Amino acid sequence: AIINHPYIIDEIVENFAQMNFSLPHLKMLQEKIMEYYEKYLTIGDRKAYLDHMFPLQKDVDDFSDNAEMHAKFIGKSSSDKKVIDGWRELYKKYSTNPMMIKDLQNAAIKLGSTFSDNDWLRLRALKKEFLSTINCAELKQEK
């Protein structure tokens, strides 16, 4: 969401900074975004911030397409308000249900080591459950 809509950072920076990403490339991306925020936006240089943020889009294009399929609010054509509202709803679910996130992370790690059909089915079921909560929130926003 922040990559496609870097203007929203002021609205979500506190929550974004507190997030704990388990995948190394997402953790690194979070660190870059926070570095740019602290370096440029705290002194009011929005142009420098955007100049550094837009090249990050190529780093997440594949991930973003997959995520956008399930969380339509992050799309490049979405309004900033829709993105902020979707972000807040997702963050609320993430922060109020950390066990589900932890289960997803553990299932992904286990699948990465076993590649078993059962582990794949478990991860798929957990993702479906989690994404359904996101999609339900999205449907409420569209009404």
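No value in this document is a laboratory result; all are computed from the given coordinates. The structure presented is a predicted model; accordingly, all values stated were derived computationally and were not measured. Neighbour counts are summed over all protein chains in view; Cβ atoms, including those assigned to glycine, are modelled from backbone coordinates with ideal geometry.
Checking Ile84 against (1) in contact (Cβ under 8 Å) with a residue 60 or more places away in the chain; (2) over 30 Å from Ile9 (Cβ atoms), which single condition isn't satisfied?
Failing condition for Ile84: (2).
Could you grab me the full set of residues in the range 78-113 that are within 22 Å of Lys27 (Cβ to Cβ) and in contact with a His (Cβ under 7 Å, 6 or more places away or on another chain)?
Val83 - this is the single residue of the range 78-113 that is within 22 Å of Lys27 (Cβ to Cβ) and in contact with a His (Cβ under 7 Å, 6 or more places away or on another chain).
Among the residues of the range 1-53, which ones are of a type in the set (Lys, Arg) and either closer than 22 Å to Ala71 by Cα or in contact with a strand residue (DSSP E or B) (Cβ under 6 Å, 6 or more places away or on another chain) (or both)? Working first, answer last.
To start, the set of residues in the range 1-53 that are of a type in the set (Lys, Arg) comprises 27, 32, 39, 46-47.
Correct list: Lys27 only.
Cβ-Cβ distance below 8 Å, separation of 6 or more or different chains: which pairs start in the range 7-22 with a residue that is without any contact (Cβ under 8 Å) to a residue 24 or more places away in the chain and end on one that is outside any helix (DSSP H, G or I)?
Close Cβ pairs (under 8 Å, with a partner that is outside any helix (DSSP H, G or I)) amount to Phe16/Ile2.
Name the pairs whose Cβ atoms lie under 6 Å apart, with the first residue in the range 24-46 and basic (Lys, Arg), the second surrounded by 13 or more Cβ atoms within 10 Å (Cβ to Cβ) and part of a helix (DSSP H, G or I), and 6 or more positions between them or separate chains?
Final answer for the pair search is none.
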